[in-house]
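Take a look at the structure set out below.
The values are calculated or read from the model by the stated rules, or taken from the named source; none is laboratory data. Note that this is a predicted model, so its numbers are computed, not measured. When we count neighbours, we look across all protein chains shown, and the Cβ atoms used for this are built from the backbone with ideal geometry, even at glycine.
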Amino acid sequence: MGHRGPRPTPTHLKLLRGNPAHRPLNKDEPEPSSPAEPPPAPEFLSDYARAEWDRIAVELFRLKLLTVVDIAPLAAYCESFAAWRTAVEKLKEMAARDPDTVALTVKTRHDSVMQNPLFLTMRQAASDMVRYASEFGFTPAARSRINIVEAQPAPGKFDGLIG
């Protein structure tokens, strides 16, 4: 059975976006605890993934988009980034050694020609990376729907009486 309609948007992102559809907010949505400071990168991350974590985690924390339960999905995003970057670099190296096909194709062991498998790796990693990024609200499209506004206190019944 497939998913019907658009994916639900977490309440925190709805609030940052200003809830443009004015749909009722889920007052019972679980609120995972936020760490006191940006969490360090998990030890198991590869070098490129760790560098991406260090680049993005502080900003996600500042925007209150990184809680203690978001560590694994962010790690998955970072490893997708690492796989994408590695594939791009390997393709660039191969293209420098093969100016005729610029690494678009490779020869098989039977001497036939096929598309370079690194292109599939690169495309899949990029797709995964963008999917994870949109979950956190940091793709350009997701970000365009977010409005950062300071919380305004609810008006009191005596507001405006004293000038």
If we keep only residues of region 112-163 that are in a loop (DSSP other than H, G, I, E, B) and modelled with pLDDT of 90 or more, then the residue farthest from TRP84 (Cα to Cα) is SER112
When restricted to THR101, THR86, the only residue among the hydroxyl-bearing types (Ser, Thr, Tyr), in a loop (DSSP other than H, G, I, E, B) and farther than 24 Å from PRO35 by Cα is THR101
Here the qualifying pairs (Cβ atoms under 6 Å; residues six or more apart or on different chains; first in region 29-53 and of a type in the set (S, T, N, Q); second surrounded by 14 or more Cβ atoms within 10 Å (Cβ to Cβ) and modelled with pLDDT of 90 or more) come out as SER46/ALA82
Cβ pairs under 7 Å, 6+ apart or interchain, first in region 90-114 and surrounded by 10 or more Cβ atoms within 10 Å (Cβ to Cβ), second assigned to a helix (DSSP H, G or I) and among the aliphatic types (A, V, I, L, M), ordered by first then second residue, are LYS90/LEU118; LEU91/LEU118; LEU91/MET122; VAL102/ALA95; ALA103/LEU91; ALA103/MET94; ALA103/ALA95
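Tell me which residues, restricted to region 37-51, are of a type outside the set (D, E, K, R) and assigned to a loop (DSSP other than H, G, I, E, B). If you could, list the steps in order and put the result at the bottom.
Step one: of region 37-51, the residues of a type outside the set (D, E, K, R) are 38-42, 44-46, 48-49, 51.
Residues satisfying the conditions are PRO38, PRO39, PRO40, ALA41, PRO42, PHE44, LEU45, SER46.
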